[in-house]
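Bear in mind that the values in this text are calculations on the coordinates, not laboratory data. This one's a predicted model, so the numbers in the text were calculated from it and none came from an experiment. Cβ placement follows ideal geometry from the backbone for every residue including glycine, while neighbour counts extend to all protein chains displayed.
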Amino acid sequence: MSHDHDGGFAHPAPFKLLLSVFIALVLLTILTLALSSVDLGLMGAFGFWIAMSIASFKAALVMLFFMHMYWDKPFNVLVFLSSTLFVILFIGLTLTDTSHYKNTIDEYPRQPDTSTMAP
Amino acid sequence: MAVVEPEHGAHDDHHDHGDFIAHHFDNAEQQFDSGKLGIWLFLVTEVLFFSGLFVAYTLYRVLHPEIFDQAHVFLDKYLGFLNTLVLLFSSLTMAVAVRYAQLGKNGHVVWYVLGTMVCASAFLGVKAIEYTHKWDQGILVRSAFDYHAGHHEAPAGTLAHTLGVSEYLIYLSVIPLLVIIGFAVYAGIAKLTDKPNASFFSVCMAIAVGGYFVGAMAGHFYMEVTDGGFGGRSEAAAEMMAYENETHSDHEPTNKPVDHHDESAVDQQTAESKVAPYQGPQPDEFDQDIGIFFSIYYCMTGLHAIHIIAGIAFLAWILWRSILGHWRSDYFGPVDYVGLYWHLVDLIWIYLFPLLYLID
Amino acid sequence: MNLFGTPMLAQSDIPMPESAKVHSGSYWFPDQASAFAPNYDFLYMAILWISVVFFALIVGFMIYFCIKYRRREGVGPEPSSSHNTAIEIFWSVIPSIILVWIFYAGARDYFDMRVPFDDAEEIYVTANQFNWKFVYPDGDVSKELHLVVNRPVKLIMQSEDVLHGMFIPAFRQKMDIVPGRYTYAYLAPNRVGEYRLACTEYCGEGHSRMRTICQVHTTEEDRKNTTKWENEKHVGWVNGERLFSINCSGCHSIDGGVKTGPALNTIWGEKEKLIGGEEIMVDENYVRESILEPNAKIVEGYGPVSKMNSFQGKLNDKEIGYLIDYIRYLKEPDKFPGRDAQAEPTTATAEEAGTAKPEKPAETENSIDTKTEDQDN
Amino acid sequence: MATAAERKKLFGHAENNYLNCTKGIKSWMFTVDHKRIGVMYLIGVTTALFLAGVFALVLRSQLWSYDNTLLTDKMYNQMFTLHGAVMVFAFIIPSIPAALGNFVLPMMLGAKDVAFPRLNLASFYLWIFGTGFLLFAILSGKGLDTGWTFYTPYSIRTDTGVIYATFGAFILGFSSIFTGLNFLVTVNTMRAPGQGWFKMPLFLWGLYSTSIIQVLATPVLGITLLLLIAEKTMHIGIFDPKYGGDPVLFQHFFWFYSHPAVYIMILPGMGVISELIAVYSQKKVFGYSFIAFSSVAIALLGFLVWGHHMFTSGQSVVVTLIFSAITFTVAIPSAVKVFNWLATMYKGSIALTTPMCYALSFIFLFGIGGLTGLFLGALSTDIHLHDTYFVVAHFHFVMVGGTLTALLGGVFHWWPKMFGRMYNDMLGRVSCLLVFLGFNLTFFPQFVMGARGMPRRYASYDPEFQIFHQWSTIGAFVLGVGILLGFGVLVYAAFKGPKISGNPFGAASLEWQSSSPPDFHNFIHKPILCDPYDFGALVYDEELDTYIHREFMEPSEQPEMEPEPQVH
């Protein structure tokens, strides 16, 4: 970040920009909601990925402008985004494993659990 | 080369130290950069903290899609949507608060931080309605899951009965009520003892926590209007029923609304033939593991709610310092840091909303 | 208890089976009693020698440098380069190549240990705190594992409470037993004798007492005659239940619910309507036929072509018998001996429901103690 | 340049220093000074070490004979659990980073403090509370008998103090996170002007890599323990098979943290060793950037190998293969470090002082610990060795032979800086010898036992193994005596040892450019930035009996020849 002595290191985001980001976020939320109501099965597996893509786009908007990533040091951005890498790693390897031994769980006879059902 | 010079005279060429620069920093910018990196790293730990729940969610959703299909109809997506809007708006006010802190306009910061806090409380209010409604119906974590369809009436004569709300809601609301009363009383005392800042702060806090009741009333009103809520559910289930009715036209079509406010539906269900059409949620149709969805739901939203509460505490600290007029263009770090934290809470919700409420 | 045949133990007065005396483990290893053992021992020794060579080099240089370059009056450090990319790459790459080989060798042998044998004897293992139970294909039950030499075995293992681990050092085989699912272990005993079998996954108070024996017999007859079987013969329907859950439960329910195939809980002895309109009595023959030739007679509502695959060659007569027992049991459970009849330890269901209660040490410990003492004396 | 009087003020023995600049218990309890916090941590982790060490000796006593009745099975299980939990969570993880790191890191950077001093103090108090909760699990009367891993479903079924202990570990986790976060920020933003990344001492690289792991992995431990508490109190059905959960999933959660945590334990130790070898060989570290990058590489690769703790757990074959393959890649950077240390000694001027003796025994013991890792990384051998004493011996060679040895070496190295007094070097070396011999005697027999099939966590065992266990028990007591001796030597020195000046060992990193003990502000002057391993930049000041940077000497005073470093 360049350091100019007049403005200090603050980068106030323009009010209009923030407002338009908010409006975009609201519209995207409505879009997700609408898609989930309308499609119902037609989208199939894609529905999930579309919803996730929209959520990620919203997240990107929040991060870029609300969280000032747009003006922030690249190192900070790298630090934060690297966390998602580790989350993906965590999910990915664990899921790979469980999906491979899932069949051994499915074939195991489980007693229906009634012990904790309230009367 | 004059290497031996007193350390404390070494910074004369730097611009003035502000009041808030800690002794071990050379200048305001180093302090700000340190804080900023620190908060980003903290957010990294937060992301990884939540990651465990996302792993649990992903695994159970991939391995047991059926329990997610069965369970999500219990979540009202319009209430989720309302909460998303509230949280997005609070993010906006927070971002604006940061902007004014950067410009050194403390008065503006006060109002926008207050707005953020009201939204945060309102979010919790809506959440309280959602939770208590589920508790009434026995929609709990895996081991305690004991769904019983229908309206839960509070025993006659209780306050909950008079208000037409859940008993649990009354219990939950006691806490914010006490907080509000506490702040209101303290505001009066501070006023009398001539502490205008403290008085103003307490009034603001009372208003901020009051947002809880706004949210709760909005949620309750929605529940009343939709006759027990379940906006998402009735719609989805109705369409599914229509679909089932087409494919199984030889069977008695059941056009009964799916909210099953009476127990007769259960009997009807058992009387059905072997190949019964989908009827909406009935206790005996569930996979026995359906409660795991709600375990994950409660863990995720519960942990998120705890973060909201912590956020309110941080915001209160920012509010107080704004009232004292601490912020200026070279010292606004705390507002920025709390803002980043708040946006992260928003970010997590942005993912939770489709993951929990909008399962197809 | 001498299960190991080491000289150290041989000194003790404990009487031991003849077979155990002829074996002795080497310095590093217990007896080699399974087909996996030579591979394991080879790889172990290979890594050991690779490590010894590297270690000797490192420590040798370290000591040499300490002497040669010890600090002396008036002698400073000699100048030498502070980095040398060539040599650093050299000593990164050489170990890498060795590591790749170790990984390959380990993975290759691992596959041998985890891939099922074609015609393995299937033995069901049930572990609980802190006992073992082994159920053989013909329904015999024992508290020790009894195998026949050169007959490969598949252990189908389940736990009734917490994690356990099945470990037979002489076979170099180990597998955890995870509650809520089956885990499998494959054994290829190739040497007669008695070997240790121990629990290796910490399971609570009596963990270290959860030890038993794996005895490898010369012949099937030997096993049949010399083994001390548990008195209670395992009843058929319990075997059938297990087979059902693995083979049938995907398509047939036992609670009256509709799945791909008809529910089986109430059909025994009833007349079922077939597709052609005729009726048939559900009896041994019909069940057997349905398992082996699913298409022969299909119940109305599930046709016209059966979605069921034939189990010809997958289930033998004895197993089909167990399944028939199980279907009969489903209809009239009262007429069959319950699970408890086989002195099977009760599951901890009731205990687990509320706050955990202390275990019943008296019962459990006794059973362990008697077992170990039997062996000792 | 500075006059002799100025030099004495800057680099001599300081009577007014951080230890006595303010007085009273409150001035320590509420201090935000990183040096004081480091000292308090040192006292804290030493206490934890002794506590857990006593547990260990009780364990070893029980194992003296194959059917000993010193402890009941239940007590034995509690004892090894507490030994493991206290050692891991309260001692090893905070030991080098929080105690030595806190003291040394800001000074190595030429900074006045860490970036967030109050957070630093907070993390110390979190450590206190966390350890307190962990110990409360003992005092609550029920003990704790799950093993430090808290594996489900046993941890859900047992009625012992799992909730206290997990909550304690949860708090300790946050203590660790805050320390790591603080260090990351400090290294990033508070390096002395002109101190580039590759001008940092290698100890800082070790700490930096450690902090990366602390920040990234520890939160997962937090959520794992929270979920475990929820599972235990409410039965949420994520880990409990009775309610549709999956116990193996818990192991994934747990090891996603706990494997990287192994590197939290060893990486700072490696950093300390890099310093010690360089200083006591008076040689620039060989292959600086290889060592630096190998630390970061180990930290990142450490996240990809957690499944190697689960080869027999019911993990699928595919994932097992992946984890095994990646496991071997971690071996490379570790090996590179060892080779580079040796190359640093080559043609050096090696002084076998106490810290150097510890460093050499580190190389020996860590060598064994690392190489035996190969047996456990290879799949077929791991099947046999998993959950046996072989594993116990392996990780003790790494954690005790590695981390504890490095900690002792580091403490002996920086002790004169901390307290301004010198210890008895001969007794220090004797303590090192006792630790070395005792340690090998304790754990080497365990390799043999493990290979022959002795399972771990056994209160009683087959008589075959008795002789090995007896050797092991004798060794454990020798090890205990060695550590106590070292402790005694240090404590005596802190109060009664001969006073000493700023840089007695001729080390070139910045923390030595101060008085001993350091001033409250660390440096009275701005330290002169130089390469941390440029020992040629130092000259010997006879009057002060210490080494100082060449630029502080008058030209006339500078000796013409290189000074020979002195051995104390």
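Data overview
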quantity: DSSP bridge pairs, the protein assembly as shown: antiparallel proportion in percent, nearest 5; calculated: 75 percent
quantity: Unit charges on C-beta of K, R, D, E only; dipole of the range D:351-500, Debye; calculated: 660 debye
quantity: Hypothetical label at D:Glu543: residues of the range D:480-518 whose amide nitrogen lies under 20 Å (7 Å Cα-Cβ projection); calculated: D:499-506, D:513-517
quantity: Peptides C:252-263, D:40-51, D:86-97 ordered by average Cβ neighbours within 10 Å, highest first; calculated: D:86-97, D:40-51, C:252-263
quantity: Proximal lysines relative to C:Lys318, as straight alpha-carbon distance under 22 Å, when same-chain residues fewer than 8 apart are discounted; calculated: C:Lys133, C:Lys154, C:Lys224, C:Lys233, C:Lys331, C:Lys335
quantity: Built amide H within the under 5 Å cut-off of D:Gly287, gap 5+; calculated: C:His83, C:Asn84
quantity: Efficiency of FRET between B:Thr162 and B:Ile309 - r from beta-carbon atoms, R0 35 angstrom, step 0.05; calculated: 0.80
quantity: Proximal lysines relative to D:Lys26, as straight alpha-carbon distance under 20 Å, when same-chain residues fewer than 8 apart are discounted; calculated: D:Lys35
quantity: Cross-link table D:Lys8/D:Lys526; A:Lys16/B:Lys127; B:Lys77/B:Lys127; C:Lys259/C:Lys307; D:Lys199/D:Lys337, entries beyond 21 Å C-alpha to C-alpha; calculated: A:Lys16/B:Lys127
quantity: Rounded to 10°, Cα long-axis angle of helix D:73-85 versus longest principal axis of chain D; calculated: 30 degrees
quantity: Among C:Ile97, C:Ala86, C:Cys66 - extreme Cα towards positive end, dipole of the range C:60-164, charges at beta-carbon; calculated: C:Cys66
quantity: Whole-Hz couplings from phi, Karplus 6.51/-1.76/1.60, listed for the range C:44-49; x for Gly and Pro; calculated: 4, 5, 4, 5, 4, 6
quantity: Shape call, the range A:14-70: gyration tensor on alpha carbons, a/c limit 1.5; calculated: oblate
quantity: Residues in the range D:63-106 that a label on D:Thr47 would reach, taking backbone N under 13 Å of a point 7 Å out along Cα→Cβ; calculated: D:91
quantity: Only Lys, Arg (+1) and Asp, Glu (-1) charged, at Cβ; the protein assembly as shown dipole about Cα centre in debye; calculated: 4240 debye
quantity: Cα gyration tensor shape for the range C:166-251, rounded if a/c is under 1.5, else prolate or oblate; calculated: oblate
quantity: Among D:Leu490, D:Leu226, D:Tyr389 - extreme Cα towards positive end, dipole of chain D, charges at beta-carbon; calculated: D:Leu226
quantity: Cβ-based exposure ranking for B:Asp289, C:Asp325, C:Asp283, in which fewest neighbours within 10 Å come first; calculated: C:Asp283, C:Asp325, B:Asp289
quantity: Cα centre as origin, Lys/Arg/Asp/Glu Cβ charges: the range D:60-209 dipole, Debye; calculated: 440 debye
quantity: Estimated vicinal HN-Hα couplings, Hz - the range B:203-218 in sequence order (Karplus 6.51, -1.76, 1.60; Gly, Pro = x); calculated: 4, 4, 5, 4, 5, 4, 5, x, x, 4, 6, 4, x, 4, 5, 4
quantity: Shielding by partners, peptide D:289-298 (average Cβ within 10 angstrom, other chains); calculated: 1
quantity: Neighbouring partner chain Cβ atoms per residue of D:158-171, average, 10 Å criterion; calculated: 1
quantity: Nonlocal amide H pairs with C:Gln173, under 5 Å, H built at 1.01 Å; calculated: C:Ile168
quantity: Helix D:288-301 vs. chain D, principal-axis angle (Cα, 0 to 90°, nearest 10); calculated: 20 degrees
quantity: Estimated vicinal HN-Hα couplings, Hz - the range D:252-258 in sequence order (Karplus 6.51, -1.76, 1.60; Gly, Pro = x); calculated: 4, 4, 5, 6, 4, 7, 6
quantity: Test item: A:57-68 mean partner chain Cβ contacts at 10 Å; calculated: 6
quantity: For C:Tyr195, distant residues with modelled amide H under 5 Å away; calculated: C:Cys214, C:Gln215, C:Val216
quantity: Whether the protein assembly as shown is rounded, prolate or oblate, judged on the alpha carbon gyration tensor where a/c under 1.5 counts as rounded; calculated: oblate
quantity: Hull shadow area, averaged, the range D:122-236 [alpha-carbon convex hull, nm²]; calculated: 8.2 nm²
quantity: Isolated Cys in the protein assembly as shown, by beta carbon distance under 4.7 Å; calculated: B:Cys119, B:Cys204, B:Cys299, C:Cys66, C:Cys199, C:Cys203, C:Cys214, C:Cys248, C:Cys251, D:Cys21, D:Cys530
quantity: 11 Å beta-carbon shell around B:Met94, net charge (K/R +1, D/E -1); calculated: -1
quantity: Between helix D:34-62 and chain D: long-axis angle, C-alpha atoms, 0 to 90°, nearest 10; calculated: 40 degrees
quantity: Most to least packed among C:125-136, D:408-419 [average Cβ atoms within 10 Å]; calculated: D:408-419, C:125-136
quantity: Sites A:Ser99 and D:Ile229, calculated FRET efficiency, Cβ-Cβ separation with R0 35 Å, nearest 0.05; calculated: 0.80
quantity: Farthest positive-ward along the range B:94-186 dipole, Cα basis, beta-carbon charges - from B:Val98, B:Ile180, B:Phe145; calculated: B:Val98
quantity: Order by protection proxy (mean Cβ within 10 Å, highest first), peptides D:491-499, D:232-240, B:164-172; calculated: D:232-240, B:164-172, D:491-499
quantity: Loop-located trypsin sites (Lys or Arg not before Pro) in the range D:1-110 whose Cβ has at most 10 other Cβ within 10 Å (DSSP); calculated: D:Lys23
